Amino acid sequence: MSNQQSEIIRSFESEIKNCEAIIELGANVGLITKKILLHNKPVYAFEPEPEAFKLLSLIKSPNLTILNKAAWIKEQMMQLHRHKDWLNTKSHTSSSLKIDKKNVDDKNSINCETVDIADYIISLNKKVLIKMDVEGAEYELIHHLLNKKVFNYITYIFCEFHPKKIKNGYLKQLMLNIRLMSLGQKTKIKKWF
């Protein structure tokens, strides 16, 4: 792990004291989940990729709720697009709801259930800290959270953005930043890897 990544994790962990629960969008196999659980707060880990979910499910804690669903802007069935080299590598990283992500294709896509993340956060009725690594769907998700006025439940969103990997990614990033700034919410978004 690089010094920059270690600093991001330290910053994330320092914010845990200010929330009532942690939501991990794109938990993958649970490497970060295990670290988060050490803070003894409820953790809601979302992972739609079945191979990663199997490994994530091996983590046992009374504070952990694991959902084999993708966070999205509404509840529905969608295609989860796997890495282009999935058949050779069985890699469970990079899977995305976004077909325009450069390193995925629809040859190995699978159906996955989605959850309206704004409604889910509202149902918790808690101050939440979010780690978001959703492989290109972050732009739609953050706009949705703004549209549904859910930011008052959120302490911070630590988000990995993917502007290089999706069509019009830099434009989407710019438009989101402008909207966040105009609403006075830009400071709630922090960098994740």
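The values are calculated or read from the model by the stated rules, or taken from the named source; none is laboratory data. Worth saying up front: this structure is predicted, and the values here are computed from it rather than measured. Reconstructed Cβ throughout: ideal geometry from the backbone, glycine too, with neighbour counts over all protein chains shown.
Among residues of the range 153-181 that are among the acidic types (Asp, Glu), those with a beta-carbon under 9 Å from a residue that is in a loop (DSSP other than H, G, I, E, B) at least six positions away or on a different chain give the pairs 160/26; 160/133; 160/134; 160/135; 160/192; 160/193. When residues in the range 107-154 are screened for being among the polar types (S, T, N, Q), part of a strand (DSSP E or B) and surrounded by 17 or more Cβ atoms within 10 Å (Cβ to Cβ), 1 of them pass.
Return the residue satisfying two criteria in turn: it lies in the range 11-40 and is of a type in the set (Lys, Arg) and under 19 Å from residue 133 (Cβ atoms), and of such residues it is surrounded by the most Cβ atoms within 10 Å (Cβ to Cβ).
In this case the residue turns out to be 34.
Residue count for the range 83-99, restricted to those that are over 16 Å from the mean Cα position of the chain (by Cα), charged (D, E, K, R) and within 19 Å of residue 167 (Cα to Cα): 1.
Taking the condition without any contact (Cβ under 8 Å) to a residue 12 or more places away in the chain and on the phi < 0 side of the Ramachandran plot, does residue 108 pass?
So residue 108 does not fit the description; no.
Annotation for the range 170-188: at least one member residue is within 17 Å of the chain's Cα centre (by Cα), buried (at least 16 other Cβ atoms within 10 Å of the Cβ), closer than 20 Å to residue 128 by Cα and modelled with pLDDT of 95 or more. The residue pairs whose first member lies in the range 78-92 and is in contact (Cβ under 8 Å) with a residue 40 or more places away in the chain, whose second member is acidic (Asp, Glu) and assigned to a helix (DSSP H, G or I), and whose beta carbons are closer than 8 Å, counting only pairs six or more residues apart or on different chains, are 92/51.
The requirement of being at pLDDT below 95, among the polar types (S, T, N, Q) and either in a loop (DSSP other than H, G, I, E, B) or more than 21 Å from residue 138 (Cβ to Cβ) (or both) is fulfilled somewhere in the range 66-89, by at least one residue. For the range 50-60, the criterion of a residue being part of a loop (DSSP other than H, G, I, E, B), at negative phi, buried (at least 21 other Cβ atoms within 10 Å of the Cβ) and at pLDDT 95 or above is satisfied by no position.
The residue that is farthest from residue 114 (Cα to Cα), counting only those in the range 38-49 that are outside any loop (DSSP other than H, G, I, E, B) and in contact with a Leu (Cβ under 6 Å, 6 or more places away or on another chain), is 43. Here 7, 15 are screened, and the one residue that is in contact (Cβ under 8 Å) with a residue 40 or more places away in the chain, farther than 25 Å from residue 92 by Cα and assigned to a helix (DSSP H, G or I) is 15.
Of the set (1) assigned to a strand (DSSP E or B); (2) farther than 21 Å from residue 18 by Cα; (3) of a type outside the set (D, E, K, R), all apply to residue 157 but (2).
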